[in-house]
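The values are calculated or read from the model by the stated rules, or taken from the named source; none is laboratory data. On a predicted model such as this, the values are computed, not experimentally measured, just so you know. Positions of Cβ are backbone-derived with ideal geometry, glycine not excepted, and every protein chain shown enters the neighbour counts.
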Amino acid sequence: EDKVQARWRLAAVFALTLGTTGISVAFNFLGRDFYNALANKDQEQFMKQLLYYLGGFAGGIPVFVLRDYAKDTLSLRWRSWMTTYYMQRYLENRTFYKIQSQSTIDNPDQRIVDDLSAFTGTALAFSLTLFNAAIDLISFSNILFGIYPPLFVVLLVYSIGGTAISIFLGKELVNLNFLQEKKEADFRYGLVRVRENAESIAFYGGEENEMQMLVQRFRSAFQNLTV
């Protein structure tokens, strides 16, 4: 039942995204007629197009808002399901003990809290961005090609080239971001360790040792950002 609802919600998000693209195309034509009437000083046509413009805003903006709301709601529900699923796997068959004793995964708590949140939000946003970009490309290509074909070719080459350069320059950021998440989690774990062992640290006077460890972990995280 949850899978069926999730699929319907996902389909609704894609349908709303398709609707927002249609609205953007419609606004493009409305803008053309509006500014043509303004340039021609045609008061009657100007007032007519102005009413169309206002009506388009009144009807179009709620669709954009509804799309964002549906997307965020779906992302939250997806995160809730994945978090519950991985917490069950983490606690069953003493998996948490095996991970801790064998050090197979660093900072599993951070993986469950932060990584799942980032994964669900980013994966959904990236999918919608690709879908929206493809629809925009198809929708606006005819408009640009009809205005001036060489301009369409130049913009297409520019877009493909810019995307290729971004991928080439950004691929190294993936490992850098992963390493940064690990170092930030280590630093956060050190702070949690101080809080959980506050009595022992205070009793044995271990503040200086703990401070050195925390500073070392923070510097490691900070230096990773300045590479």
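Could we say that Tyr69 is closer than 24 Å to Asn132 by Cβ, out of contact with any strand residue (DSSP E or B) (no Cβ under 8 Å at 6 or more places or on another chain), of a type in the set (Phe, Trp, Tyr) and exposed (fewer than 15 other Cβ atoms within 10 Å of the Cβ) here? Spelling it out, Tyr69 is indeed closer than 24 Å to Asn132 by Cβ, out of contact with any strand residue (DSSP E or B) (no Cβ under 8 Å at 6 or more places or on another chain), of a type in the set (Phe, Trp, Tyr) and exposed (fewer than 15 other Cβ atoms within 10 Å of the Cβ). Just one of the listed residues (Ile167, Ile112) is modelled with pLDDT of 80 or more and not assigned by TED's automatic domain parsing to the domain that holds Phe27, namely Ile167.
I'd like to check something: does the stretch 88-95 contain any residue that is under 24 Å from the mean Cα position of the chain (by Cα) and either in a helix (DSSP H, G or I) or modelled with pLDDT of 80 or more (or both)? No: zero hits.
In the set Leu137, Leu191, only one residue is in a helix (DSSP H, G or I), at pLDDT 85 or above and surrounded by 11 or more Cβ atoms within 10 Å (Cβ to Cβ); that residue is Leu191.
Taken as a whole, the structure places Phe96 among residues that are surrounded by 11 or more Cβ atoms within 10 Å (Cβ to Cβ) and in contact with a Pro (Cβ under 8 Å, 6 or more places away or on another chain). Total residues in the stretch 100-124 satisfying the condition of being over 16 Å from Lys182 (Cα atoms) and either surrounded by 15 or more Cβ atoms within 10 Å (Cβ to Cβ) or touching a strand residue (DSSP E or B) at 6+ places or on another chain (Cβ under 6 Å) (or both): the figure is 3. For the stretch 204-219, the criterion of a residue being at pLDDT below 80, farther than 30 Å from Gly19 by Cα and outside the structural domain of Phe64 (by TED's automatic domain parsing) is satisfied by no position. On the stretch given as the stretch 145-186, residues that are basic (Lys, Arg) and loosely packed, with under 10 Cβ neighbours inside 10 Å total 1.
When the criteria are applied in full, Arg7 fails the requirement of being surrounded by fewer than 16 Cβ atoms within 10 Å (Cβ to Cβ), at pLDDT below 80, in the same structural domain as Gly121 (by TED's automatic domain parsing) and in a helix (DSSP H, G or I).
Just to be sure, is Asp2 more than 28 Å from Ile147 (Cα to Cα), surrounded by fewer than 15 Cβ atoms within 10 Å (Cβ to Cβ) and touching a residue at least 60 places away in the same chain (Cβ under 8 Å)? Criteria met by Asp2.
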